[in-house]
1. Calculate the FRET efficiency for residue 430 and residue 378 from the Cβ-Cβ distance with a Förster distance of 60 Å, rounded to the nearest 0.05.
2. Does anyone have the angle between helix 43-62 and the longest principal axis of the chain? Alpha-carbon axes, 0 to 90°, nearest 10?
3. Of all GluC sites (Glu not before Pro) in segment 68-137, which ones are in loop regions per DSSP and have a Cβ with at most 15 other Cβ atoms within 10 Å?
4. Starting from the eigenvalues of the Cα gyration tensor, five times each then square-rooted, give me the equivalent ellipsoid semi-axes of segment 5-136, largest first, whole Å.
5. How large is the helix-only mean residue ellipticity at 222 nm for the chain, computed as the sum of -39500 (n - 2.57) over DSSP H runs with n ≥ 4, divided by its residue count, in deg cm²/dmol to the nearest 500?
6. If you fit an axis through the alpha-carbon atoms of helix 362-383 and take the longest principal axis of the Cα set of the chain, what angle between them do you get, 0 to 90°, nearest 10?
7. For segment 112-154 and segment 432-446, write down the distance between their C-alpha centroids in whole Å.
8. Rounded to two decimals, what is the ratio between the C-alpha radius of gyration of the chain and 2.2 N^0.38 Å?
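We did not get these values from a lab; they are worked out from the coordinates using the rules stated. Just so you know, these numbers come straight off a predicted model, no measurement behind them. Please note: Cβ atoms are built from the backbone with ideal geometry, for glycine as well, and neighbour counts cover all protein chains shown.
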Amino acid sequence: MADDYRIEEDSLGEMRVPADAYWGAQTQRAVENFPISGITFGRRFVRALGVVKKGAARANRELGLLEEEVADAIVAAADEVIAGDHDDQFPVDVFQTGSGTSSNMNANEVIANRAAEITGAEVGDRVVHPNDHVNYGQSSNDVIPTAMHVASLEAIEKDVTPALDTLREALAEKEAAFADVVKTGRTHLQDATPVTLGQEFGGYRSQIEKGLGRVDAVRGSLSELALGGTATGTGLNTHPEFPGLAAEYIREETGVDFREADDHFEAQAAHDAMSEAHGALRVVAGSLNKIANDLRLLASGPRNGLGELEQPENQPGSSIMPGKINPVVAESVNQVHKQVVGNDAAVAAGAARGELDLNLYKPVLAHNFLQSAELIANASETFAERFVAPLEANEAHCAAQVEGSMALATSLNVHIGYDGASEVAKTALKEGKTVREVAIEKGYLTEAEADEVLDPAKMTERGILGTE
């Protein structure tokens with residue numbers, strides 16, 4: 001045997017495996033069969049595979065189906081996978097067999113060989129067998145959707161939700177700080193009645209709060225675990241108590257409220273839960289996109305744009321224009337949205353397919369969901385800390401713009417009628433005057449009445465100005 005490889009066997013025969021690898025023959029075949037993208041599963045999914053294998057071993061040990069020493073070694077090796085000690089031992093491409101069998105066997109082989117070492121045996125000795133021991137009572141068809149749900153819900157609870165909460169807090173702080181900054185509202189990108197900058201930021205804060213609610217609402221469907229259905233959902237070769245017991249151990253390991261699937265046939269043949277949950281992520285990404293776009297517009301300038309916000313100077317904006325500063329962090333958020341929309345199309349298409357008793361898009365569903373979750377979490381944190389938090393209001397500019405707005409004429413409607421208010425607005429625009437000046441000149445209002453009826457700050461509240 002050469003120094004750089006060893007020989008491992010599976011049902012198809014011998015395979016050369018790198019000497020320092022914990023994986024075995026089936027993983028090596030997958031590496032050679034799927035040189036598709038170079039994209040492999042990341043930390044969340046590999047961790048989830050370890051969580052599932054540990055939970056299964058603990059359940060089988062308790063049920064007397066695995067010897068104590070073997071089960072203990074599997075649990076110890078799975079703990080190392082959970083901790084990230086062997087992430088480099090998961091080389092299988094995401095684009096593989098649709099059931100994810102290659103990734104399941106990758107986990108089985110890595111854990112079996114590492115467990116063999118833990119017992120004092122040699123890697124490849126099979127004193128801990130990848131199928132007979134690590135995969136006992138399981139099938140790729142129930143392991144992979146279980147790992148998919150574990151990884152996805154952990155990503156939501158531990159990455160997405162905290163990051164969105166950070167952004168929500170940053171927006172709430174600006175909502176309070178800008179509460180008294182009166183500015184021109186805009187609809188159709190045209191001047192509209194006054195609002196406060198705080199009211200606009202309150203709307204953004206509310207968007208994120210509602211997004212948190214949408215994400216929270218998918219917990220119930222993602223908490224269902226397919227484990228225990230084995231090949232088709234019947235549970236063949238699995239102890240009747242295994243699914244519930246394994247789910248209990250997975251719940252204990254993660255701190256997330258996982259449970260056995262209501263219907264194992266549905267849990268393996270369809271992945272509507274993944275489509276539903278990713279839809280919530282897509283909506284959140286859309287909220288981030290809307291907010292980032294608005295802040296870019298409000299900070300546009302510095303002299304020939306809206307200029308109502310002063311953006312942070314994160315980095316030079318141009319290789320040719322000195323002094324130019326661009327809203328680069330907001331632009332990265334916009335790009336994340338586009339990627340998530342693309343991922344959503346893949347998830348929706350994959351979740352809706354598969355034939356009869358098995359959905360065959362499990363790896364791509366898991367990959368796209370976890371990428372979206374990671375992008376949203378990272379973008380939200382960065383957006384909050386590096387763009388939203390440093391924003392400042394240009395109060396003088398906001399006040400000057402709102403005073404010159406034609407939309408102030410709206411509050412004249414109830415006093416002089418729509419036609420009269422329209423005449424005032426058009427005259428003001430044509431002659432370069434304010435609505436206030438024209439309304440007084442034409443005798444529609446006295447100066448005292450104008451102070452009451454055309455007060456921009458009062459226009460930001462519900463009510464009819466100038467009436468008892």
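1. 0.75
2. With rounding to tens, the tilt is 50 degrees.
3. 122
4. The three semi-axes for segment 5-136 are 22, 17, 13 Å.
5. Values: 18 runs with 259 residues, N = 468.
Only helices count here, giving -18000 deg cm²/dmol.
6. 40
7. Between the Cα centres of segment 112-154 and segment 432-446 lies a distance of 81 Å.
8. Numbers: Rg = 30.2 Å, N = 468, 2.2 N^0.38 = 22.8 Å.
Cα-based Rg divided by the globular estimate yields 1.33.
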